[in-house]
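Peer 1: Right, I'll just put the structure down here and ask away after.
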Amino acid sequence: MLDAIAEGATVEVPALWPLEVANVLTVLVRRRKLTERERQTALGWLRQLPVRIDHEMASLAFSALSDLASAHGLSVYDAAYLELAQRRKLALACGDGSLRKIAEKCGVQLWK
C-alpha cells in the first residue's frame, strides 16, 4: 500500500480512521512500545498521507452500517470499512481474517 501511495494513489478511509490510528499510537506509548517522540513523528507522517476521509459514515450508522454489522457479525466499526469499500468499489486493505472473509463473500476486492 505504501508503494501505491508513493506512486500517487489516494487512500479512502471512513471518518473513524483518524481516531482509531491516533488511539493506537496513544495506547502504544502507554504500553511503552513507542516513545512520545515516536508517536509525534508518526502523527506528522500520517498527516502528510494522501488520505480522503469519507464523512458519510455518521449518516449511515443507524441504517446501513448497523444492518451490515448485524448481518455479518461485525462491529459497526468494521462495517464502516466494508460499506465504504462496497459503496465506492474500492479494494479493502485489512489484516483482520474474519473481515477479509466477509468482504470476499460480499464481492469486495481485497488489497493484496
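Peer 1: Do you know which residues across the range 75-112 are buried (at least 20 other Cβ atoms within 10 Å of the Cβ) and farther than 16 Å from D54 by Cβ? I'd like the intermediate steps shown before the answer.
Peer 2: As a first pass, look at the range 75-112 and keep what is buried (at least 20 other Cβ atoms within 10 Å of the Cβ): 78-85, 92, 99, 102-103, 108.
Listed by number, the residues that qualify are L99, I102, A103.
Peer 1: Being part of a helix (DSSP H, G or I) and modelled with pLDDT under 95 narrows it down to one residue among D3, D67; which is it?
Peer 2: D3
Peer 1: While we're looking at this one, here's another question. If Y81 satisfies all but one of (1) touching a strand residue (DSSP E or B) at 6+ places or on another chain (Cβ under 9 Å); (2) farther than 19 Å from G107 by Cβ; (3) at pLDDT 95 or above; (4) part of a helix (DSSP H, G or I), what's the number of the condition it fails?
Peer 2: Looking at each condition in turn, Y81 falls short on (2).
Peer 1: If L74 satisfies every condition in (1) out of contact with any Pro (no Cβ under 9 Å at 6 or more places or on another chain); (2) closer than 23 Å to D3 by Cα; (3) outside any helix (DSSP H, G or I); (4) in contact (Cβ under 8 Å) with a residue 24 or more places away in the chain but one, which is the exception?
Peer 2: (2)
Peer 1: Moving on to the next point. Does the range 77-87 contain at least one residue that is among the aliphatic types (A, V, I, L, M) and in contact with a Cys (Cβ under 8 Å, 6 or more places away or on another chain)?
Peer 2: Here is the first cut: in the range 77-87, the ones among the aliphatic types (A, V, I, L, M) are 79-80, 82, 84-85.
In the following step, the residues that additionally are in contact with a Cys (Cβ under 8 Å, 6 or more places away or on another chain) were identified as 82.
Yes: the range 77-87 contains one or more residues that are among the aliphatic types (A, V, I, L, M) and in contact with a Cys (Cβ under 8 Å, 6 or more places away or on another chain).
Peer 1: Taking the range 27-51 on its own, how many of its residues are among the β-branched types (V, I, T) and either surrounded by 14 or more Cβ atoms within 10 Å (Cβ to Cβ) or closer than 22 Å to E83 by Cβ (or both)?
Peer 2: As a first pass, look at the range 27-51 and keep what is among the β-branched types (V, I, T): 27, 29, 35, 41, 51.
Then keep just the ones that are either surrounded by 14 or more Cβ atoms within 10 Å (Cβ to Cβ) or closer than 22 Å to E83 by Cβ (or both); that gives 29, 51.
Of the residues in that region, 2 qualify.
The values are calculated or read from the model by the stated rules, or taken from the named source; none is laboratory data. Nothing here was measured: the structure is a model prediction, and the numbers come from that model. Every residue, glycine among them, receives a Cβ derived from its backbone with ideal geometry; neighbour counts consider all protein chains shown.
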